[in-house]
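Working notes, beginning with the structure itself.
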């Protein structure tokens, strides 16, 4: 089995949370993502799904600590990386697309400049070449007029275009794994559909592995192969999507399915 | 942005201040052309000569511009009294290559002369080169230092923040003027005028950066929590890149106004140092060292025109303050605007 990412027994805790002492945010989470596969991580608010995404990038908030577990990406143990190795990995190996691209883009820089900057942070190429790469990334995420988008500021674009631009920035350095944190939550239904199609297309054309973090089971059903259901930092169910849909094992999953209707 | 510049230019005071500074800086830049004399052009027999007007009417007849000659007499206390000699006329010459001057041996003193008979107007124009640039260069240095230190302290927080902020507080704790004197005392006294100029700039900016750093640090503490900072981290940007490109640009609206408002401090600092003889040395002119001549009340009484440099210090300081205030009003989104 050739897994791109293997997470084993990952635990994250809040060491100083008042009188109760250490509190667990994620406990003993294990899953694997194979190359070219899409994994859905589902959970309600506060279930720890965003923390999980950040832990995979080594960017836990300063109040949290990694309490244990292993993250193996492409044969490397990530929890032992130096800050400089982490920096090189982020963006080029594992990348993240955010829920709210409006606030994830710096409002005082053009989209193109930000993508260019990402490329230059990882590769020693001229800024003209980096600009070419930025335009190529924008084209790759299905933007018909990359030159115009590159010259725009985030607030000048519609939600759908912004999300595509965000994905373009995440993919500019050709990472093997994309973590998409609630990629469609702020979009209307039609645009949601198109972004999900884009994910499928990227997966086919680039062999990209994707982790989709969402609270929306519909998103998981349409895109993911496997699913991990998180509830209060604990994995309550994991397995094939189809199996979860037809015969959920955990009560929590059943609850989510019912809520979706 | 366009709206902001529009708002700025609507402020009549700011516009006037901008023009006034423009004229002063243009004068400093073109000093070799605008000033009637060089800053070290002496005429010892015309010590403390009062201001002379350029005349066009002599004996009831219109003529090309000229100045009258002067005769030196003494009063009963042996003080110099200059009497206008209406029989001697010196023609004003234009583009000689200076803009205007007077045929020798006559001299034109629009704002009077100093102790060695040097033209005060010319020395003010040449002095502007020192007094008006020291603020700009000083502010550039302390601005860069303040932004970087404030950015680093605010971004990292914790121990780094603690150390850097305590350092700032130590600098801010010492009374500025005495710190200035102490630092000046540490500079070798055999420096030439260019070296003195730069040591003053550096001393002034070493004192000036701490205040800016503290405010910038406060802004960065909140800016670092923004999503785009986290996003930049996930794309593998280094900390310094994030600070310089994604955090500090967001403090610009504050820091531009702060910079404008801090320039007067540099102008006054240089003046103070030069006034007490620790700054720019004679024969080189700065507004501060010209004023050191005016430290005696007797001299001010008999030659009040030696106070002219103070007027120019006053005007430029007020101008920078007015512009800084206007910029702050325009850039601060919290201020209510009546449109």
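Please report the projected area of the stretch B:1-95's Cα convex hull averaged over all directions, in nm². Present the calculation step by step, with values, prior to reporting the outcome.
Numbers: hull surface 44.5 nm².
Result: a mean projected hull area of 11.1 nm².
The stretch B:38-96 and the stretch A:141-198 have Cα centres lying 78 Å from one another. Rounded, prolate or oblate for the stretch B:52-108? Axes are the square roots of the Cα gyration tensor eigenvalues, ordered a ≥ b ≥ c, and the cut-off for rounded is a/c under 1.5. In terms of gyration-tensor shape, oblate. Counting every other Cβ atom within 10 Å of each residue's Cβ, A:106, B:282, B:59, A:188 order from fewest to most as B:59, A:188, B:282, A:106. Using just its DSSP H runs of length 4 or more, each adding -39500 (n - 2.57), chain A gives a mean residue ellipticity at 222 nm of -11500 deg cm²/dmol after division by all residues.
Ordered by the number of other Cβ atoms lying within 10 Å of each residue's own Cβ, fewest first, B:48, B:77, B:228, B:109 fall into the sequence B:77, B:48, B:228, B:109. Mind telling me which of B:295, B:260, B:219 comes out most flexible in a GNM of chain B, alpha-carbon contacts under 10 Å? Largest GNM mean-square fluctuation: B:295.
Counting only DSSP beta bridges with both residues in the protein assembly as shown, tell me the antiparallel percent, nearest 5. Walk me through the intermediate numbers first.
Details: 39 of 58 bridges.
Among the beta bridges of the protein assembly as shown, antiparallel pairing accounts for roughly 65 percent.
Ranked by how many other Cβ atoms sit within 10 Å of their own Cβ, fewest first, the residues A:73, B:235, B:9 fall in the order B:9, A:73, B:235.
In terms of the Cα gyration tensor, with a ≥ b ≥ c the square roots of its eigenvalues, is the stretch A:173-261 rounded because a/c is under 1.5, prolate because a/b exceeds b/c, or oblate? Judged from the Cα gyration tensor, the stretch A:173-261 comes out prolate (a/c at least 1.5, a/b above b/c).
Evaluating kT/(6 pi eta Rh) at 20 °C and 1.002 mPa s, with the Kirkwood radius of the stretch B:159-269 over Cα pairs in the Stokes-Einstein relation, gives 132 µm² s⁻¹.
For the protein assembly as shown, what class follows from the C-alpha gyration tensor (a ≥ b ≥ c being the square roots of its eigenvalues): rounded when a/c is under 1.5, otherwise prolate if a/b is larger than b/c, else oblate? Prolate, because a/c is 1.5 or more and a/b exceeds b/c.
No lab work stands behind these numbers, since they all come straight from the coordinates. This one's a predicted model, so the numbers in the text were calculated from it and none came from an experiment. For neighbour counting, all protein chains shown are included, and Cβ atoms are generated from backbone atoms with ideal geometry for every residue, glycine included.
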